[in-house]
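*Asks:* First the structure, which I've put down as structure tokens, then a few questions once you've had a look.
We did not get these values from a lab; they are worked out from the coordinates using the rules stated. What you see is a predicted model, and the numbers here were worked out from it, not measured in a lab. Neighbour counts run over all protein chains shown; Cβ positions are idealised from the backbone, glycine included.
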Amino acid sequence: MYKAPVNKVKILANITNNELLESIFPLKVEGRFILKDGYVVDPKNNLEMQTDIAFQGDKIVEVGSIEPAAGDVVLDCKDLLVVPGLIDMHLHLGDLFEVTTNPIFEAATHGITYAFSPGAGNTLMAPSLLGAEVDRGLPINLGVYLGASNVLATCMDTGELAAFFRGECADEVAGTKMSRNPFTLSTGNLVMGIKDHMGHYIMDDEKLNKVFDVTSQAKMLFMSHTQDPDHSMRLANLSNGRPFHLGHTTAVACGTHGDPVESMKRMIDLCKEEHITGEFVTTMLRENRGSREGLLMDKAAQDVAYQALSDKIVDILISDGQNDATMKGFGDCRDNIPCILELVEKKVLSLSDAVATMTCNPAKLFYKRTGVAWWDEKVGHLGVGALANITVIDRSNKSMMYTICNGEITGFEKRVVRRGIGAGGLVTKSGMVRKTGVGDITLYSVKR
């Protein structure tokens, strides 16, 4: 008689002796979750070696050689690259031009753990709209920048707007001068910053000065649309030392508003100023030099950008937008991991410096602009006490193997792990909330 070569997998659900036995999955983690034997690159903590990382709940609790104990769950990361969860500080997800949440889920399949959306149409109501989606379950941490023209469309003056974003504006003032919508009054300041969208709205000097005043007084990031170098020079002249950030700086190198090489050099010179920072689009730095659905970068200008990265004049990478999204940008977040690894192959950056462009460097910028210690302590690194946002990469095919958001696996081998939906939170300039209440308010009545 044929002899069965294998036995039943006893950890799976089955009926034994007429008794229904449940699977051990999902694992009931009583101890730690250990990422074992991965090649860990944590630029902030100067760590680059094969080692282990353990997290419990949503926080990292141990780094080093870890011996698993009873109750621990072990994830084999041998031959995989383990880095802090990728931060895409300019990715159109969940803003008012994006009408589907699918791109948010797709971002998790590309290793994104934090994404910040600078929609031109974002009003003060955008945080409540995105907050409702977070409450109902998203696999990554999200935040929004507001559209500058929409912020200035209220009756509030500069000081009142700055006070509102600091959480110091009296309700009667905001309710009279800003909005009669109670959701907007309650959640409108749960934002990352403000973006001037030159590509959509041309604002006069007086209004731009007001944006500088609001963001400086409220300690927010001021991002500008960078495609026309003359507009960026205009902002630099208006800034008077007040900080601002050049969004998708490589867009000037596409030749739509002047010579691409000269335009790229002008922007890099601006980024040498202490109060001005910039970011490069990952898709544009790859061999294809951009997306044909967006813009293509000039090859000579691309070389100028490589040198700026090597010299650390610009040290942040972003994707800008997914081609599957309604709000298409100049790039695509599926290019983030390949770009990081290709910059190492091209010897533009070391592995640690390349990883830093989408981990500790954006976190450092937010910390510098906001002064909020959360950005320094909890985000962009793998040290003990940091939030367990981790991206595990298969270098052989330049793709995500695991995305871990706040201690939950949300992505595995380029697909969403649906059990991880709900792991994400709403990120603001002052930190993160896991619930805003907007998504639940119609379901429940709560008395305090």
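*Asks:* What FRET efficiency would be calculated for the residue pair N7, A300, taking the C-beta separation as r and a Förster radius of 51 Å, to the nearest 0.05?
*Replies:* For N7 and A300, the calculated efficiency is 0.20.
*Asks:* Further, regarding this structure: Could you tally the net charge around N237, taking each other residue with its Cβ under 12 Å from the Cβ of N237, Lys/Arg +1 and Asp/Glu -1?
*Replies:* For residues surrounding N237, the net value is -1.
*Asks:* Work through the residues other than R289 whose Cβ is under 12 Å from its Cβ and net out their charges, Lys, Arg +1 and Asp, Glu -1.
*Replies:* Value of the local net charge: -1.
*Asks:* Take the Cα gyration tensor of the chain, multiply each eigenvalue by 5, square-root it, and list the three semi-axes largest first, rounded to whole angstrom.
*Replies:* 39, 28, 19
*Asks:* Convert each backbone phi in the range 156-164 into a coupling constant with the Karplus relation 6.51 cos²θ - 1.76 cosθ + 1.60 (shift: θ = phi - 60°), then list the ³J(HN,Hα) values in order as whole Hz, x for Gly and Pro.
*Replies:* 7, 7, 4, x, 5, 5, 4, 5, 4
*Asks:* To continue, here is another question. Quick one: compute the contact order of the range 84-377, relative version, from alpha carbon pairs under 8 angstrom and 6+ residues apart, as a percent.
*Replies:* Relative contact order comes out at 17 percent.
*Asks:* Can you work out the PRE-style zone for R136? Point 7 Å along Cα to Cβ, and I want the residues of the range 417-432 with backbone N under 14 Å.
*Replies:* Residues passing the 14 Å test: 422.
*Asks:* To the nearest 0.05, what FRET efficiency results for T158 and A69 with a Förster distance of 60 Å applied to their C-beta separation?
*Replies:* That pair, T158 with A69, gives E of 0.60.
*Asks:* If you don't mind, another one. Taking other Cβ within 10 Å of each residue's Cβ, how do L93, L35 sort, fewest first?
*Replies:* Starting with the residue having the fewest Cβ neighbours, the order is L35, L93.
*Asks:* Under a Cβ-only charge scheme (Lys and Arg +1, Asp and Glu -1), can you give me the dipole magnitude of the chain about the Cα centre, in debye to the nearest 20?
*Replies:* For this selection, approximately 840 debye.
*Asks:* Taking the simple approach of a point 7 Å from Cα along Cα-to-Cβ for both D269 and H200, what is their distance in nm?
*Replies:* Placing both labels 7 Å beyond Cα along the Cβ direction yields 3.1 nm.
*Asks:* Give the order of L382, L20, L270, L86 when sorted by the count of other beta carbons within 10 angstrom, beginning with the fewest.
*Replies:* L20, L270, L382, L86
*Asks:* I've got another one for you. Using alpha carbons only, how many angstrom separate the centre of the range 244-308 from the centre of the range 155-177?
*Replies:* First find each Cα centre; the distance between them is then 37 Å.
*Asks:* Using only Cα atoms, find the angle between the long axis of helix 299-310 and the longest principal axis of the chain, and express it within 0 to 90 degrees, rounded to the nearest 10.
*Replies:* That works out to roughly 70 degrees.
*Asks:* Follow-up. If you take every DSSP beta bridge fully contained in the chain, what fraction is antiparallel? Give it as a percent rounded to 5.
*Replies:* Close to 55 percent.
*Asks:* Which pairs break 29 Å Cα to Cα here: K219/K435; K207/K299; K272/K398; K59/K272?
*Replies:* K207/K299; K272/K398; K59/K272
*Asks:* Still on this structure, please answer the following. Quick one: which of 354-363, 253-262 comes out on top by average Cβ neighbours within 10 Å, and what's the full order, highest first?
*Replies:* Highest to lowest by the protection proxy: 354-363, 253-262.
*Asks:* Moving on to the next point. Taking Cα atoms of the range 255-300, Rg/Rh with Kirkwood Rh, to two decimals?
*Replies:* Ratio of gyration radius to Kirkwood radius: 1.00.
*Asks:* Explain nothing, just the number: relative contact order of the range 169-312, from Cα pairs under 8 Å at least 6 residues apart, as a whole percent.
*Replies:* 17
*Asks:* Here is a follow-up. Explain nothing, just the number: relative contact order of the range 1-128, from Cα pairs under 8 Å at least 6 residues apart, as a whole percent.
*Replies:* Across the range 1-128, relative contact order equals 19 percent.
*Asks:* What does the net charge come to around V438 if you take all other residues with beta carbon closer than 10 Å to its beta carbon, with K and R at +1 and D and E at -1?
*Replies:* So the environment of V438 carries a net charge of -1.
*Asks:* Given a Förster distance of 41 angstrom, what is the FRET efficiency for S396 paired with M233, based on the Cβ-Cβ distance and rounded to 0.05?
*Replies:* Once the sixth-power term is evaluated, E becomes 0.40.
*Asks:* Within the range 143-174, what residues put their amide N at less than 19 Å from the label point 7 Å along the Cα-to-Cβ vector of K207?
*Replies:* Inside the label zone: 145-162.
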